[in-house]
Amino acid sequence: MCIRDRSITSDRICPIFHISSVTNKGVPELTKFMYLLKNRTRGSAASLLKQPAEFDIQEHFLVSGVGLVVSGVVRQGVIKPNQTMLLGPDRTKQFRPISIRSIHVNRVQAVEAYTGQFACLCIKSLKKDTLNRSDFRKGMCIVDPALKPEAIWEFEADIVILHHATTIKPGYQAVVHCGVVRQAVNIKEMGSDLLRTGDKGQVRFRFMYNPESVSYTHLTLPTIYSVQISVVAVSLKKK
């Protein structure tokens, strides 16, 4: 098993496991295989722990007697109570300073949340106005001020068209899934007139509704739906 796991050097190879949730047949082998796979995120776990904190918001709640709580995954760094961070971006591309009141991991209060953990954070605004659930939208995150986050409207990408029934040209619309960002994008410019199945090209995308905070840590394996596209490389355009 170890030899086979580590001998897979190409993304074109897809192993198949026969498993049963009734008899548990094949499950230990699948678990061991997944454990031995190489980490595809940029940087090792140790190096990510040393980076400024970044937290992807997946859900938000208003808990009686506690206040506003957000849940999600710590993408990098370490988050601790009373830490000052930035929440955003909102619809005006702004980030709001907040304070972490408390942290829960696996429903137990914790003194910190680190890279890779799913955690719940109780937060409060450091401004005079209060935070409401209406202030949140899909794609928002909590980041360390040291990262100096900026929201962008456009980004460029080197893409590969895996499969599409028709041609793709400027004006085409798709949906990008990148980290917690889920938003329709419009093709503004292309390096060629048309793209078809199997073609490669450079494309400039523009978010259609809201600016997003997209860092290079999000761009490891971005996916664009409505058409099967593999994004090879990305450069961010601040507009």
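Structure values in brief
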{"item": "Within-11-Å neighbourhood charge of Asp135 [Cβ basis; K, R +1; D, E -1]", "result": "+2"}
{"item": "Segment 74-158, relative contact order [Cα under 8 Å, separation at least 6], %", "result": "33 percent"}
{"item": "Segment 125-170-segment 88-117 distance, computed between alpha-carbon centres (Å)", "result": "17 Å"}
{"item": "Surface share of carbon and sulfur [accessible, 1.4 angstrom probe, percent] for segment 59-121", "result": "51 percent"}
{"item": "Proximal lysines relative to Lys93, as straight alpha-carbon distance under 30 Å, when same-chain residues fewer than 8 apart are discounted", "result": "Lys50, Lys80, Lys124, Lys127, Lys128, Lys138, Lys148, Lys169, Lys188, Lys237, Lys238, Lys239"}
{"item": "Residue-normalised accessible area of segment 61-193, expressed per residue, 1.4 Å probe, Å²", "result": "52 Å²"}
{"item": "Cα pair distances in segment 100-181, grouped into 5 Å bins until the bin that holds the longest one, percent each", "result": "3, 8, 14, 17, 17, 12, 9, 9, 7, 4, 1"}
{"item": "Nearby aspartates and glutamates by direct alpha-carbon distance to Lys25 (threshold 20 angstrom, same-chain neighbours under 8 apart not counted)", "result": "Asp5"}
{"item": "Environment charge at Gly67 (Cβ cut-off 10 Å; Lys +1, Arg +1, Asp -1, Glu -1)", "result": "+2"}
{"item": "Over segment 33-189: Rg over Rh, Cα atoms, Kirkwood Rh", "result": "1.02"}
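The values are calculated or read from the model by the stated rules, or taken from the named source; none is laboratory data. Given the structure is predicted, the values throughout are model-derived calculations rather than measurements. When we count neighbours, we look across all protein chains shown, and the Cβ atoms used for this are built from the backbone with ideal geometry, even at glycine. Areas reflect the complete protein model, heavy atoms only, side chains present, ligands, DNA and RNA absent. Shrake-Rupley method; radii C 1.70, N 1.55, O 1.52, S 1.80 Å.
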